[in-house]
Each structure stands twice: as structure tokens, then as C-alpha cells.
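**Student:** To start, I am sharing the structure in question, which I have written as C-alpha cells.
The values are calculated or read from the model by the stated rules, or taken from the named source; none is laboratory data. Keep in mind that what you see is a predicted model, and the values were worked out from it rather than measured. Cβ placement follows ideal geometry from the backbone for every residue including glycine, while neighbour counts extend to all protein chains displayed.
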Amino acid sequence: MNDNAAVRCDGCGQIGSPEHVARRLRRLEWTTRYRPVHIGPLFLGAFSPREEDDFLYSPGGKFTGEAGQLLKVVEITTEGKSADAVQSEFQRAGYFLTYVLECPLDDGHGSGLERAALLQERLPNLTSRIRRSLKPRRVILVTAALLPIVQNLLNLDLGCPVMLDNGNPFEFSSLSSGPDLLQFRLKLAGAANS
């Protein structure tokens, strides 16, 4: 038997090497540690970030990229705090972040059509995970990469409402300040309390 045989990853559906699967399991372990018992808003991205510093649940605690943007939007500061303290605060707020594809995209999936097809292929798995395991109060779409499948997501029976920004996923890079950020925080407060 060949130990280096590629297998289909259950977190993303891509064909992955043993290293890919090991990285997936490591990230799953980190994420599970900070999963709230009762999830209020579930932030849903398209693909897990490639860099661990951008991955919210990484024990490295650099919180760059997407992780840093999300923490800023939900008003959780990182200054002077350990990674565990930041992640625990996110957890205590009832927030949870996950992805349609729980792994970063492999290099071979560069075109928008290929990405949309991968996302579409994972929707049955996502639906099952949200309805049976996560059971959030709301799902908040948080990346433009989900735009090709927004209507498909809305047609799913997730067991809870889906929050959008005028029919589009929210983009945290554009919510850095101003009325859009205030409006998002008001919607988020409503989602957390309902």
C-alpha cells in the first residue's frame, strides 16, 4: 500500500496529500476548541485562509488578514492579549467562524468557475453541518467569494435566517469605519440577541 496516496479531503472535497489531511485535522482541532456550545451568529466564509496567521483559531495569535478584520468588526481587541484570550472572548460572545471549504484552495483551482463549482459541490455537506451540528441562530455571509452561490445558499433550508448586505455577502475590508460598520454592528447585535 502506498502511504503517499492522495485521498479526497472530507473538509473541502479536494484531492489531498497526507500533509493536506494532517493540516485539515490540525485546524479542525484548533477550531473545535473555541466552538461555542450555543452559536449565535455563524460567520460563513468561502475558503479557509492559506496562511495560519490569517486563520482565526490558530494558536499563533497574529490575527492578520481575514481574522484581524473580523475581530475589528466585532469589536474584539487583540492588543496585549494572548491568542487564547482573544479566541475565548470570540467564543463567549457566541460567535463562530467556518467555511464552505474548510481547507485553503489548492493551487490548481484558480478560475472563478472552478471555485464556484467547488463551493456548489460542498453545499450538501455544509447544509448538514449547519442543521445537525452547528445549529446557529443566524448565518452571516462574509466574503465576496460566496457571491456566485448566494442564491443557492438562500435556497437551502439551513434552519435559520441568512444575513446579507443588500443581497450580497458582507466584506469586512469595506466595513473598516463609518455608517456601514455601524449598520453591520446593529444588525449583528440583533442577530446575537434573537
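**Student:** Among the numbered criteria (1) part of a loop (DSSP other than H, G, I, E, B); (2) within 19 Å of Val139 (Cα to Cα); (3) among the charged types (D, E, K, R), which one does Asp10 miss?
**Tutor:** Evaluating Asp10 over (1) part of a loop (DSSP other than H, G, I, E, B); (2) within 19 Å of Val139 (Cα to Cα); (3) among the charged types (D, E, K, R) leaves (2) as the failure.
**Student:** How about segment 12-40: which of its residues are closer than 19 Å to Arg131 by Cα and of a type in the set (Val, Ile, Thr)?
**Tutor:** Matches in segment 12-40: Thr31, Thr32, Val37, Ile39.
For (1) assigned to a loop (DSSP other than H, G, I, E, B); (2) crowded, with 20+ Cβ neighbours inside 10 Å; (3) of a type in the set (Ser, Thr, Tyr); (4) in contact with a strand residue (DSSP E or B) (Cβ under 6 Å, 6 or more places away or on another chain), each residue gets a yes or a no:
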position: Leu25; (1), (2), (3), (4): no, no, no, no
position: Asp53; (1), (2), (3), (4): no, no, no, no
position: Tyr57; (1), (2), (3), (4): yes, yes, yes, no
position: Lys81; (1), (2), (3), (4): yes, no, no, no
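**Student:** Name the single residue that is modelled with the lowest pLDDT among those in segment 103-116 being surrounded by 14 or more Cβ atoms within 10 Å (Cβ to Cβ) and not acidic (Asp, Glu). Can you show your working first?
**Tutor:** Let us first name the residues in segment 103-116 that are surrounded by 14 or more Cβ atoms within 10 Å (Cβ to Cβ), namely 103-106, 109, 115-116.
Next, from what is left, pick out any that are not acidic (Asp, Glu): 103-105, 109, 115-116.
On the way: Cys103: 85, Pro104: 86, Leu105: 82, His109: 55, Arg115: 85, Ala116: 88.
Checked segment 103-116; the qualifying residue modelled with the lowest pLDDT is His109.
**Student:** Which condition breaks for Thr98 when tested against (1) closer than 23 Å to Thr64 by Cα; (2) of a type in the set (S, T, N, Q); (3) in a helix (DSSP H, G or I)?
**Tutor:** So Thr98 meets the others, but not (3).
**Student:** Please state which one of Val139, Val150 is assigned to a helix (DSSP H, G or I), modelled with pLDDT of 90 or more and closer than 18 Å to Thr98 by Cα. Lay out the reasoning, then the answer.
**Tutor:** Values: Val139 fails: assigned to a helix (DSSP H, G or I).
Sole residue among the options that is assigned to a helix (DSSP H, G or I), modelled with pLDDT of 90 or more and closer than 18 Å to Thr98 by Cα: Val150.
One line per residue, one yes/no per condition, for (1) under 29 Å from Gly159 (Cα atoms); (2) at pLDDT 95 or above; (3) not β-branched (Val, Ile, Thr):
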position	(1), (2), (3)
Leu28	yes, no, yes
Arg35	yes, yes, yes
Leu44	yes, yes, yes
Leu56	yes, yes, yes
Gly61	no, no, yes
Gly65	no, no, yes
Gln69	yes, no, yes
